[in-house]
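Here the structure comes first, spelled out in structure tokens, and everything after it is commentary.
The values are calculated or read from the model by the stated rules, or taken from the named source; none is laboratory data. In this text, all values refer to a predicted model and were calculated from it rather than measured experimentally. Glycine gets a Cβ as well: all are built from the backbone with ideal geometry, and neighbour counts include every protein chain shown.
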Amino acid sequence: MCGIVGYIGNKEAYPIIIKGLKRLEYRGYDSAGVALLSNDSLNVYKKQGKVANLEAYSGDLDTSGTSGIGHTRWATHGAPNDTNAHPHYSESESIAVIHNGIIENYDAIRKQLLSKGYTFRSDTDTEVLCYLIEDIQKNAGTKLGESVRLALQQVVGAYALVVISKKEPNKLIAARKSSPLVVGIGDEGDFYLASDATPIVEYTRQVVYLDDEEIAVIKRGEELKIYGIDDIQKTPYVQELELHLEALEKGGYDHFMLKEIHEQPRSIEDCFRGRLNAEKGRVSLGGIREYEQKLINANRVIMIACGTSWHACLVGEYLFEDLARINVEVEYASEFRYRNPIIGENDIVIAVSQSGETADTLAALELAKSRGATILGICNVVGSSISRITDAGSYTHAGPEIGVASTKAFTAQVTVLTLMALSLANQKGTLSSTKFRGMLSELEAIPAKVKKVLESNQQIEYISGEYQGASNALYLGRGSSFPVALEGALKLKEISYIHAEGYPAAEMKHGPIALIDEEMPVFVVATKGMSYEKVVSNIQEVKARKGKIIAIVTEGDEQVREIADHVIEIPETDEHLVPLLATIPFQLLSYRIAVMRGCNVDQPRNLAKSVTVE
Ligand code: M6R
């Protein structure tokens, strides 16, 4: 959460920073601000709300200068207002700081500074850090980089930060711990800093991902220098970005979310490209090949994640257990890490995360690692923290996902988990060769089938119109369609603000059935398969209480059509692959309903894409 951008070089900093902040707005949009150095003055402009508010406000002010920093905020400490917006000045206003993360011991530092006579302007932890840097500089007479290093030695918590000072105008100091930070190296002695590579890619492909407790000393026209918090100098590891600019644009769609929903035929295919060959009967995930035996022989396999990624893990659990007969436990990362879990060196923990930066998932992995477990990752963002701390892993290759509501990342995660389960099943011999080859062909056919599901857009628009006024909704599914129901409910909640709950269809009669009346839309996955008849009975139970049924059914289904209020057909596929298709109508329904309700689909209230706080 929070996006940070910095620039130092020969170009005008302000337009670069504003453009960068817009790219990072998915990380938080409570407020935005910039600090610009021009003609020996350090000007901070900041405004509550989106980057566009800041732009409108700063339009008449001095935005010249060739170095500066910018921030888009997801509020943690202090209300989302102008005062608490970043950047924060030091007391003398000669230093300014932007920060993503949380200074956990900020209150103790604040009290220490208050006792020295400082007074604060905001309620934020970041301002305290900025004052501390200046206090150290004043007392120790140290340069900016050293003052930041000494200040960070006192800090408990997470940070990605950039510091600018008018006393050392040709320099930016950046540091990270548990929050991401990338330095882009331009070819004219200029440098770009950002929370991820999206603001950088149009200027340079040469980047350095800072590691935890690293401090970058960035001087205009000089070589990038990196130090550990212990002051030991390190050699920067320069990487080449593979990101493409067009992936960051809406490409003619009204919203990123809609674009990302429609990208799924391609993103699923990209995910299995080079990994799956049905004709030759081969499936292989290079990244984890060496760990397959370990997975087969593991004492426990635990999947950890948050939100949508957690739902993908639940699908993964069905796939691993049914196809490869490998026992899997799925845990919320936040619960796992605080439960003193019993794990050891024969256990494998697989983290699933789109961003690869989710604080709870990262911390849970670190805990597992410290107890000797093997840790694997399934991430979308290349070079992200999780992908770098894991022993091995597989990327989902879904491309940048910018809409806060996860869509294509979910189907890509499920695709990777399916490939893993199939590969393990093949190794273990738990599937007959006919079944195995049949499933590979079915998986290869999924992108075309997703395309077909996307054609139901018009019908979905009609159904959305019928239920856009609902205050509550239930989502039901059985087997691997239960996580699809959970995911459907989460999508509706997060972008349309309609209260929705997902349940295993059979659980309905243990409580939620009491909620059903003629006002209640019930979305059900009722595709052909092992539990079909049971789900039909659950639908009957809802109808008997006058609930409205919107059912996802297999093409050609007649039985459910007769009793449901609306049906949305998906092409027939192997039952294990139904989640990849059944989830698409739910994404589209949520999207359409949210648009009809006038909600901000790409940036829903109170949310941020990358949750880097606990
Ligand atoms: O980046 P991650 O996959 O680790 O993020 C996990 C959740 O924060 C994320 O899936 C969240 O639930 C989405 N907003 C759901 O659409």
Worksheet, complete the sentence: Considering residues that are touching a residue at least 24 places away in the same chain (Cβ under 8 Å), loosely packed, with under 15 Cβ neighbours inside 10 Å and among the small types (Gly, Ala, Ser), the number found within segment 212-252 is 1
Discussion item. Among the listed residues Leu42, Leu36, identify the single one that is out of contact with any Lys or Arg (no Cβ under 7 Å at 6 or more places or on another chain) and over 21 Å from Val611 (Cβ atoms).
Written reply: Leu36
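Okay, residues lined up against (1) at pLDDT 95 or above; (2) closer than 20 Å to Thr430 by Cβ; (3) out of contact with any Gly (no Cβ under 9 Å at 6 or more places or on another chain):
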| site | (1), (2), (3) |
| --- | --- |
| Arg289 | no, yes, yes |
| Lys294 | yes, yes, yes |
| Ala305 | yes, no, yes |
| Thr308 | yes, no, yes |
| Leu365 | yes, no, no |
Practice prompt. Only one of these is touching a helix residue (DSSP H, G or I) at 6+ places or on another chain (Cβ under 9 Å), surrounded by fewer than 20 Cβ atoms within 10 Å (Cβ to Cβ), touching a residue at least 12 places away in the same chain (Cβ under 8 Å) and in the same structural domain as Ile17 (by TED's automatic domain parsing): Gly78, Gly68. Name it.
Written response: Gly78
Item to complete: Go through segment 300-355 and give me each residue that's over 17 Å from Ala409 (Cα atoms), aromatic (Phe, Trp, Tyr), within 16 Å of the ligand (Cβ to nearest atom) and crowded, with 19+ Cβ neighbours inside 10 Å.
Response: Phe336
Worksheet item: Is there a residue in segment 567-584 that is more than 29 Å from Pro447 (Cβ to Cβ) and either touching a Lys or Arg at 6+ places or on another chain (Cβ under 6 Å) or more than 16 Å from the ligand (Cβ to nearest atom) (or both)?
Response: no
Worksheet item: Would a scan of segment 254-269 turn up a residue that is in contact with a His (Cβ under 8 Å, 6 or more places away or on another chain), part of a helix (DSSP H, G or I) and over 18 Å from Glu455 (Cα atoms)?
Response: no
Worksheet entry | Leading residue by the ranking (surrounded by the fewest Cβ atoms within 10 Å (Cβ to Cβ)) among those in segment 595-614 that are of a type in the set (A, V, I, L, M, F, W, C), within 12 Å of the ligand (Cβ to nearest atom) and within 23 Å of Ser267 (Cβ to Cβ) | Leu607
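Table: residues versus (1) of a type in the set (Ser, Thr, Tyr); (2) within 12 Å of the ligand (Cβ to nearest atom).
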{"position": "Asn380", "(1), (2)": "no, yes"}
{"position": "Ser384", "(1), (2)": "yes, yes"}
{"position": "Ala398", "(1), (2)": "no, yes"}
{"position": "Thr407", "(1), (2)": "yes, yes"}
{"position": "Phe410", "(1), (2)": "no, yes"}
{"position": "Leu424", "(1), (2)": "no, no"}
{"position": "Leu431", "(1), (2)": "no, no"}
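Being surrounded by fewer than 20 Cβ atoms within 10 Å (Cβ to Cβ) and at pLDDT below 95 is the requirement here; does Glu104 meet it?
yes
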Worksheet item: What number of residues within segment 1-55 are of a type in the set (Gly, Ala, Ser), touching a residue at least 40 places away in the same chain (Cβ under 8 Å), out of contact with any helix residue (DSSP H, G or I) (no Cβ under 6 Å at 6 or more places or on another chain) and closer than 28 Å to Gln354 by Cα?
Response: 5
Worksheet item: Here are Val453, Val416: which of them is within 16 Å of the ligand (Cβ to nearest atom), assigned to a helix (DSSP H, G or I), in contact with a strand residue (DSSP E or B) (Cβ under 6 Å, 6 or more places away or on another chain) and not acidic (Asp, Glu)?
Response: Val416
Worksheet, complete the sentence: Flagged pairs (Cβ under 8 angstrom, 6 or more apart or on separate chains; first in segment 274-291, assigned by TED's automatic domain parsing to the domain that holds Lys428; second in a loop (DSSP other than H, G, I, E, B) and of a type in the set (A, V, I, L, M)) are Arg275/Leu285
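Within segment 1-25, can you find the residues that are outside any loop (DSSP other than H, G, I, E, B), within 20 Å of the chain's Cα centre (by Cα) and buried (at least 24 other Cβ atoms within 10 Å of the Cβ)?
Result: Gly3, Ile4, Val5, Gly20, Leu21, Arg23, Leu24.
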Worksheet entry | Unique residue being within 16 Å of the ligand (Cβ to nearest atom), in a strand (DSSP E or B) and touching a helix residue (DSSP H, G or I) at 6+ places or on another chain (Cβ under 9 Å) when the list is Gly502, Gly488 | Gly502
Worksheet item: Can you find even one residue in segment 473-489 that is over 25 Å from Ile539 (Cβ atoms) and either surrounded by 24 or more Cβ atoms within 10 Å (Cβ to Cβ) or modelled with pLDDT of 95 or more (or both)?
Response: no
Discussion item. Checking the condition polar (S, T, N, Q), more than 24 Å from Leu181 (Cα to Cα) and either part of a strand (DSSP E or B) or touching a Lys or Arg at 6+ places or on another chain (Cβ under 7 Å) (or both), which residue from Thr72, Thr83 passes?
Written reply: Thr83
Response to the item:
Within segment 402-411, restricting to residues that are part of a loop (DSSP other than H, G, I, E, B) and among the hydrophobic types (A, V, I, L, M, F, W, C), the one that is modelled with the highest pLDDT is Ala405
